[in-house]
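Read the figures in this text as sums done on the coordinates, not as results from a lab. Small disclaimer: the values here were computed from a predicted structure and weren't measured. Every residue, glycine among them, receives a Cβ derived from its backbone with ideal geometry; neighbour counts consider all protein chains shown.
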Amino acid sequence: MLELAFLSLAPAAGLLAAYPRRVSGAVFAAAVALAGSAAAFVLYAPGDRPLALGVGLWSVAGSLYAIHLSRRELREHGHVRDKVAQLRARRVDTAKAVAEARSRSEETQRNHKESTALYAMVKGLSAAISWDEIKPRLEAAVDQYLGVSGFALYVAGMRGEDDFQPLAGRNLAGSPGSAWATLGRRLQEAALSPWQAHILDRPEKALCVPVLDNAELLGVLYLRLPDAADPRALLGKASAFAGEVAFAFRRVKLFQEMERLSQIDGLTGVHRRGSFDERLRDETVRSRTFKTTFCLLILDIDHFKSLNDRYGHPFGDQVLRRIGEVLNHSFYETDFVARYGGEEFAVILPRAQYDGARRKAEAVRTAIESESFAIALDTVRVTVSIGVAHFPRDAATPEELVSQADQALYRAKSLGRNRVVEFTR
C-alpha cells in the first residue's frame, strides 16, 4: 500500500514540477500517475484493485488539474509579460518624448535668446545716425548675436569714396579679411561675387556675407569661423544680421544726405555760408596744429546787379547756377566751395602753396569768362573778380583772413574787374 501513498502524491508533485510556468512537469506527473495506476491495477490482488483504481484515477485527475493550473498560470504570465513589455516600450517612448521636449525647450530658449539679442541689436543700430555712432554698436552686436571673435565690416562709399572702407573689425591679423584690397582680390581670383554669401575654406574657414539693400551692395561682412561652429547655421544668422545692418546703413546714409542737403545751397549746388564759417574755423585750427598753410579765395560776379536789372532775376539765377557748377568741377574734393552771399563765392584750398593758389584762381577766372549765356537773341558773357589771401602769411584769425581776401577783391574791382589780386600789405 506504500505505492498507493506515493501515487496519491502525484498531483502535488505535478503542481510542484509545474511551478512557476513549466507545463511539461505537470504532464510528466500525470503520465507517471497514469502508469502507476495501471501497474497497481494489474499487480494488486482483485480485492485491492478498486482502491488502486480509485487512487490512480485521483492521481491522474489531480495531475490533469495541475496541468490546467499550470497552463492558466502560463497564460496569465504571458498577459503580464505583454503588459510589462508594453509598459517598458511606453517608458522608452516617454523618455524619448521627454528628451525631445527638453530639446525643443532648449531650442526655444536659444531662439528666444537670439531673438532678444537681435532685437537689442536692431534697437541699438537704429539709434545710430553716423558712422562713428554705429561702429561700437556693431561690435557689440557681433559679440551678442554672432559670437565670433574675428570679423571685419566694409562699407561702400562710407565717406564719399568709391571703394570699400573698413568700418569695424578686430582679431584678423594676418587674415585675408583684414584689408579690403586682399579680400576683394581673393574673391575675384576665386570668381566669387561680393553680392552673394560664401562659405570660405581657404586659407581659413570664414564667411563672406553681403550687406544688401535690394540690389545695391552697401557693404561686405567677413567672419572668421570658430572651430566648433556650424558654417551653414552661422551663415543663416549672419545673413539675418546683414539684413538689419543694411537697414542701419541706409539710415546713416539718409541722415548724411539730409545733412549734406541742409548744408548745400539749393540754387548753386555749393555749400551754404554757415558751413563755410565752420569749415574756415576748423581749417585754421588744423593749420595751427600741423604747421601748414591754406588759401582763401573770394569771388564776386562783375556787374551782377546790372545783369539782373537788364535780363531779369531768372537770368541771374541761371548765371549763379552755372558758376556754381564751374566751381564744383574746378576744385578737388578736399577743397571747399561755398556761396558767401548774393553773387559772392568763397573757396578754401587746404595746404595750397602761394603760386599754386594763384594759378588755380586764374584757371577758374578763365573758365568762367569762357562761358556764354543765351537769352532771347543775345549772348551774354560773365566775368568774376577774385581776391586771394593766405593763412598764416596774411592773417592770424579766420575773421582777419576773410577781411584780407575781401580787401584783395576790392582792389581787383578797382583795377578794372575780371582779374585775380593777392592781398599785400
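Some notes on this structure:
- Neighbour counts of other Cβ atoms within 10 Å put Ile375, Ile348 in the fewest-to-most order Ile375, Ile348.
- A simple count of charges around Ala128, restricted to other residues whose Cβ falls under 10 Å of its Cβ and scoring Lys, Arg +1 and Asp, Glu -1, yields +1.
- The length gained by stretching the chain between Ala140 and Ala89 to full extension, at 0.36 nm per residue less their Cα-Cα distance, is 13.4 nm.
- Spatially proximal lysines relative to Lys205 (Cα-Cα < 25 Å; intrachain offsets below 8 disregarded): Lys135, Lys237
- Net length gained if the chain between Asp132 and Lys205 were fully extended (0.36 nm per residue, minus Cα distance): 23.3 nm
- Region 242-289 versus region 363-425: alpha-carbon centroid distance in Å: 26
- Each of Arg365, Arg286, Arg232 has some number of other Cβ atoms within 10 Å of its Cβ, and from fewest to most they run Arg232, Arg286, Arg365.
- Restriction of the GluC sites (Glu not before Pro) in region 265-339 to DSSP coil positions whose beta-carbon has at most 14 other beta-carbons within 10 angstrom yields Glu333.
- The peptide list 97-104, 402-409, 338-345, 212-219, put in order of mean Cβ contacts within 10 Å with the highest first, becomes 402-409, 338-345, 212-219, 97-104.
- Straight-line cross-link partners of Lys360 among the lysines, defined as a Cα under 29 Å from its Cα and at least 8 positions apart when in the same chain: Lys291, Lys305, Lys413.
- Classification of region 197-300 by its C-alpha gyration tensor yields a prolate form. The axis ratio a/c (a ≥ b ≥ c) is 1.5 or more, and a/b outweighs b/c.
- Prolate/oblate/rounded call for region 264-412, Cα gyration tensor, a/c under 1.5 rounded: prolate
- Least to most buried among Asp394, Asp282, Asp132 (fewest other Cβ within 10 Å first): Asp132, Asp282, Asp394
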